[in-house]
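Shown next, in structure tokens, is the structure this report addresses.
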Amino acid sequence: MVERVLRAFPKCGIVSHGFARLWCGTCRTSLPRLLRGIFRKRRELLLDLAQCAAEAVGEYVRRQVGADTRPGIVVSIATGGDLVQWHPHGHLLLTDGGFSDDGAFHPLATWDGEAVMKLFRERLLARLIERHAISEELARMLLAWKHPGFSAHVGEAIPFEDKKAIEDVACYVVRSALSLKKLVYLDGQKAVQYRSRMNPSLGRNFEAMDPVEWLARLADHIPDPGKHRTHFYAARPVMES
């Protein structure tokens, strides 16, 4: 057994000897892990993530309701997954339609999450190439995947009269990376345990680790000094003479 393991070890990481492909067992979508570490090492790219998300939904709205329209958009960059692992993604709050230059609002009939995802993927990969964060070869490989590894969830539209629902969504958009209600310190074991919903890639709904390791994980989600995580992309104001 030991000899077999040792002989197999030199083959590790060589694609010609085979590789593993991970996907969600429910939707069969590839897990977008390949790009996550880039945003951890180069945290200034989180702003590009927000801008590309805003550009994608803005372009989608223009294609649907008119080239001279623009939605109001709030993008909050979240960096934590369900178990506070590094998982950069965007939370968006936006108008369900766009404003034209004369101030008129043009409602959107429907949203297509896949179309938004493709617009976002196109812009983000192009931006990462421009920032010399990835190669053109890597971008082509990601675009060629059957399962893109990107996703865009579109929630239900909220009537403007329902202020409570809008406030609840706004709070969710800027929520903390962790919940203290899910955190337990196991004093007898000198360990920290964090519980959440089932993580399909880990196959469990909790993380347990040394307190120092836990603090290091939390530190990942602290914004750099002077760097905002919530960005506003307002509709153009009406100019009066």
Per residue convex hull volume, Cα only, the stretch 21-233, in Å³ is 154
Relative contact order (percent, whole number), the stretch 36-92, Cα cutoff 8 Å, 6+ residue spacing:
34
By how many nm would the segment from Met141 to Leu186 grow when fully extended, if each residue of separation counts as 0.36 nm and the alpha-carbon distance is taken off?
11.8 nm
Tell me, what is the percent relative contact order of the stretch 21-233, built from C-alpha pairs under 8 Å that lie six or more residues apart?
24
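Bear in mind that the values in this text are calculations on the coordinates, not laboratory data. As the structure is a computational prediction, the values presented were derived from the model and not from experiment.
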